[in-house]
Amino acid sequence: MHQVVTSPIPETPAQSLHSATRAESRRLRYACYFALIAALAFFAVIRFRLRTMPLERDEGEYAYMGQQLLHGIPPYKLAANMKLPGTYIAYALIMAIFGETAAGIHLGMILVTTAASFFVFLLGKRLHGSLCGAVAGITYVFFAARPAVLGIDGHATHFVVLAAIPGILFLLDAIDTGKLILFFLSGVAFGLSFLAKQPGILFAFFAGFYLLWRDWKHASLNKLFFTRAGTLVLGTLVPYLLTCVWLLYVGVFHTFWFWTWTYARAYGELNSLATGWKFFGFSFPWAIRPFVLWEIVLLGLAAPLWSRSARAHGGFIASLFFFSAVAVFPGLYFRPHYYIVLLPAAALCAGVAIECARRELQSFRAGRFALVPALYFAIVYMVSVHGQYHSFFRYGPIPLSRKIHYDQPYADAVSIADFIHAHAAPGDQIGIIGSEPEICFYTRLQCTSSYLYMYPLLEKHRFAPAMQEQVKQELTTTRPRWLVYVDDERSWGWKPNLIRNRGFFDWGWDFAHQGYSLVDQVNAPDIGPYPEHLFGTRAALYLFERDK
């Protein structure tokens, strides 16, 4: 018998092209995954190297309040501020895992920013594929680490993003499947974003707007729309309502309401448009660097004008970018870390620009050049990251803190806290005439005053005089063993506040010299022009100990 040998049937040209396209798509997808993992690991290493960087005052507030939570003390009981408690709870969870230290907090922030970047990747991948997602995630992890937006610090805006992006992913799944549970989960995520910081509610507004716009576009504004929208709103309200019930149960609801609504409203009305414009003009040029990457962002934002493939999700991208930008505006303060809430939308636009440019080249039968946009992005990205080389790799944690916060006493606060911690006894209390709650956290002592910051006492609103009297009463009644006087304008506000409230500062200085002795002093470092101060030859932190 003769064995019949059959030859494989040769592929047709169309089949060969399809196989090559699939292989190329698979290689591109794997390359995107590799690039994303490499970028996340790279910035995790950077953050790990800088994990011992001194806390700045916002971090000090979150850490101190989180520390109180870990010891069974609810927020707004012994200390309060106008922020909602979401970030306090997040800090408590981080410290429960990694320890009550600056290093522990910054280790937790590695997980927070890495997870947020991964969610941005998932969002981009869902909209336009792996390349879009990878570019978006890689861009965000860099943007969110830039010193110009105080990205290395553990600000509440990182937690806003961490909750909001999963909310958007749930929303898209809910729209596709129609499952009410997904609308509810989407709302819960937006509610958590709001709890992290009040501007997070803008992402819920985005979700409502997008849902309304999409159903109107598809002529489906019917009973089903209102059911879905109502479920979304209910989910958004649940975290806040549960928080209110909890704070009511522990007896601090009245204080919580005053700080987060009554005072917060007064605070939001302090700035004029002219002042807000000045703040914006100072911070915006730094927030949108490196410019070459933001040019790609703008190209992606305008992609529906030049790319047919971008039009499918053009309304989604544009509305997300708009509401994210509006989230930077409340109060017209435009502080650097406020821009972090805009960065996911910006990173997504960068991903859209690169992916749509690739598709356009393919559609013009220029397939051999289809990866040029990705190559261009890679070069621009590496050059941009290299521009931060000194900040990321040359400076140590303390020098970098002094560079970023050049006129702030954060590194000096560590020295004062170390002295107190070395000499304090159990049960000691501390008073701070200044806005440096990180000292309370470092020393693990109870702060005598319920005011973590002096700013509310010095602002031009109707509550300020009563607040000053309350602080005076708290200090004179308790007379804490340790008293820190921060003779530094940045710990009080701005020079007009210093001039207008000179009597309060004189009272504090006199109080510190009645039954107290100066035991330590840290002068402002010789790194540039000193902030305004009132006593001594330069801005300084003074530590007083109560006489026996």
Full-extension gain in nm, Arg479 to Trp246, via 0.36 nm per residue minus C-alpha separation: 80.7 nm
The size of the Cβ-based charge dipole (Lys, Arg +1; Asp, Glu -1) of region 287-423 about the Cα centre, to the nearest 20 debye, is 580 debye
Only bridges whose two residues both fall in the chain count here: according to DSSP, what percent of them are antiparallel, nearest 5? 65 percent
Considering only Cα-Cα distances, which of the following residue pairs are longer than 27 Å: Lys472/Lys548; Lys83/Lys223; Lys83/Lys179; Lys83/Lys125; Lys495/Lys548; Lys278/Lys495? Lys83/Lys223; Lys83/Lys179; Lys83/Lys125; Lys495/Lys548
Report, by chain and number, residues whose modeled amide H sits under 5 Å from the one on Gly431, excluding near sequence neighbours (fewer than 5 apart, same chain). Thr448, Trp482, Leu483, Val484
When the charge dipole of region 187-279 is computed with +1 at the Cβ of Lys and Arg and -1 at the Cβ of Asp and Glu, the Cα pointing farthest to the positive end, of Leu237, Leu247, Trp261, is that of Leu237
Mind checking the dipole of region 22-130: about its Cα centre, +1 per Lys or Arg Cβ, -1 per Asp or Glu Cβ, Debye to the nearest 20? 680 debye
Toward the positive end of the charge dipole of the chain, about the Cα centre and with charges on Cβ (Lys, Arg +1; Asp, Glu -1), which of Pro409, Trp494, Leu375 goes farthest? Leu375
Taking the number of other C-beta atoms within 10 Å as the exposure measure, put His128, His254 in order starting with the fewest. His254, His128
Using 1/(1 + (r/R0)^6) with R0 = 60 angstrom and r between the beta carbons of Gln521 and Leu234, what's the FRET efficiency to the nearest 0.05? 0.60
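How much of the DSSP bridge set in region 406-546 is antiparallel, in percent, rounded to the nearest 5?
If we restrict to bridges inside region 406-546, about 70 percent are antiparallel.
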C-alpha long axis of helix 291-301 to longest principal axis of the chain, angle in °: 60 degrees
Given charges of +1 on the Cβ of Lys and Arg and -1 on the Cβ of Asp and Glu, with all other atoms neutral, how large is the dipole of the chain about its Cα centre, in debye to the nearest 20? 1860 debye
As straight-line cross-link partners of Lys403, the qualifying aspartates and glutamates (C-alpha separation under 17 Å, not fewer than 8 residues apart within one chain) are Glu56, Asp153, Asp412, Asp526
Rounded to the nearest 0.05, what FRET efficiency is calculated for Ser25 and Ile379 with R0 set to 22 Å and r the Cβ-Cβ distance? 0.45
Förster-model FRET efficiency, 56 Å R0, Phe226 and Thr101, C-beta, rounded to 0.05: 0.70
Can you give the helix-only mean residue ellipticity at 222 nm for the chain, where every DSSP H stretch with n ≥ 4 adds -39500 (n - 2.57) and the sum goes over all residues, rounded to the nearest 500 deg cm²/dmol? -20000 deg cm²/dmol
The extension gain from Val45 to Ile73, computed as 0.36 nm times the residue separation minus the Cα-Cα distance, is 6.6 nm
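Quick check on the exposure proxy: order Cys244, Cys440, Cys447 from fewest to most C-beta atoms within 10 angstrom.
Least to most surrounded, the residues fall as Cys244, Cys447, Cys440.
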How much length would be gained if the chain were fully extended between Asp418 and Gln362, taking 0.36 nm per residue of separation minus their Cα-Cα distance, in nm to one decimal? 14.0 nm
For region 411-428, 3J(HN,Hα) per residue [Karplus equation, 6.51 cos²θ - 1.76 cosθ + 1.60, θ = phi - 60°, Hz, x = Gly/Pro]: 5, 5, 4, 5, 5, 4, 5, 4, 5, 4, 4, 6, 10, 6, 10, x, x, 4
Once the dipole of the chain is set up with Lys and Arg at +1 and Asp and Glu at -1 on Cβ about the Cα centre, which of Ala90, Tyr442, Phe316 lies farthest towards its positive end? Phe316
By the mean-Cβ-within-10 Å protection proxy, highest first, 459-471, 403-415 rank as 403-415, 459-471
So how far apart, in nm, are the two label points at Ile181 and Phe258 if each is 7 Å from Cα heading toward Cβ? 4.4 nm
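Every read-out reported here was derived from the displayed coordinates using simple, explicitly stated rules and does not represent laboratory data. Bear in mind the structure is a predicted one, so any value in this text is a computation, not a measurement. Counting neighbours? That spans all protein chains shown, and the Cβs are built from the backbone with ideal geometry, glycine included.
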